[in-house]
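The values are calculated or read from the model by the stated rules, or taken from the named source; none is laboratory data. These numbers were taken from a predicted model, which means no experiment stands behind them. All Cβ positions, even for glycine, are placed from backbone atoms using ideal geometry, and neighbour counts span all protein chains on display.
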Amino acid sequence: MFFSDNKMFVIPAVDIKDGNCVQLVQGKPGTEMVKIANPEKIAKKWEDYGTELIHVVDLDGAINNESNLIAIKKVLNEVSIPIQLGGGIRNIHYAKKLLDLGVERIILGTMGINQPKSIEILSEEYGADRIMISLDSKDNKVLIKGWTENIDKTPNEIAKEFEDLGAGTILFTNVDVEGLLNGISLEPLIELKNSVNIPIVYSGGISSIYDLKKLKKTNVEGVIIGSALYRNKIDFKEALKLQ
């Protein structure tokens, strides 16, 4: 699936923890605002609403190195549209396993930063379009290991080198506003978008249709909605009209 210059994909999030669909506040365990069984049924609901892509996060993989592979397979079997998946992908073997299972696009965070050669290897074998790099930012520093550690680099400083290594897309999450439902901050996104030539998908703080309209003006290629959907702050069918 290729992102288009003239379209902003609106992508629902299905975050999985202990086999359930959840929404955390700023990724912190124990802050579940939403907890729903059968994530595959939730993914199917968003597909039925008309989404073209599902964003899946294995939170146990990201935080505890415990994979939700069974739940991931159920999602793959339930929906007919592509999914992009992140969380707990820390070696090339597991990355290839997910791609071979039918995950359309894998999202590399910690592994991409600590093992940049892996981006080049996977991009050459599977195509750049299937490799997304996650840049999670708090106080303008990139976070790794499920947002538990930061590195002394800004998203802009490392985005270009990932593009050069073969990443096809960047997922930029502004952790400063993520999960708080207080709105978005556009400046970090605009700065990042001006630093690279590959598509960027934005996540973090989206809480209203108004936020989506502001994001569309940045020409960002995609936006991910999580908490606002599950807490009925955004009507998903209305959101899809902005694509």
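Worth pointing out:
- From the list Tyr126, Tyr94, the lone residue that is on the phi < 0 side of the Ramachandran plot, touching a helix residue (DSSP H, G or I) at 6+ places or on another chain (Cβ under 6 Å) and aromatic (Phe, Trp, Tyr) is Tyr126.
Every residue, every condition in (1) over 18 Å from the mean Cα position of the chain (by Cα); (2) under 24 Å from Leu59 (Cβ atoms), yes or no:
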| site | (1), (2) |
| --- | --- |
| Pro155 | no, yes |
| Leu165 | yes, no |
| Phe172 | no, yes |
| Tyr202 | no, yes |
| Tyr210 | yes, no |
| Lys214 | yes, no |
| Ile225 | no, yes |
| Ile234 | yes, yes |
| Leu240 | no, no |
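- Of the residues making up segment 142-165, not a single one is surrounded by 14 or more Cβ atoms within 10 Å (Cβ to Cβ), at pLDDT 90 or above and either in contact with a Phe, Trp or Tyr (Cβ under 8 Å, 6 or more places away or on another chain) or not in a helix (DSSP H, G or I) (or both).
- Helices (runs of 4 or more DSSP H) wholly inside segment 1-89 containing at least 1 residues that are at pLDDT 95 or above and out of contact with any strand residue (DSSP E or B) (no Cβ under 9 Å at 6 or more places or on another chain): 39-49, 69-78
- Pick from segment 45-73, criterion surrounded by 19 or more Cβ atoms within 10 Å (Cβ to Cβ) and of a type in the set (D, E, K, R), ranking: nearest to Phe9 (Cα to Cα): Asp58
- Boolean, Lys237 is closer than 22 Å to Gly50 by Cβ, in contact with a Phe, Trp or Tyr (Cβ under 8 Å, 6 or more places away or on another chain), in a helix (DSSP H, G or I) and at pLDDT 90 or above: yes
Rundown of residues vs (1) under 23 Å from Met111 (Cβ atoms); (2) without any contact (Cβ under 8 Å) to a residue 60 or more places away in the chain; (3) of a type outside the set (Lys, Arg), yes/no style:
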| position | (1), (2), (3) |
| --- | --- |
| Leu186 | no, yes, yes |
| Val196 | yes, yes, yes |
| Ser208 | no, yes, yes |
| Leu215 | no, no, yes |
| Ile234 | no, yes, yes |
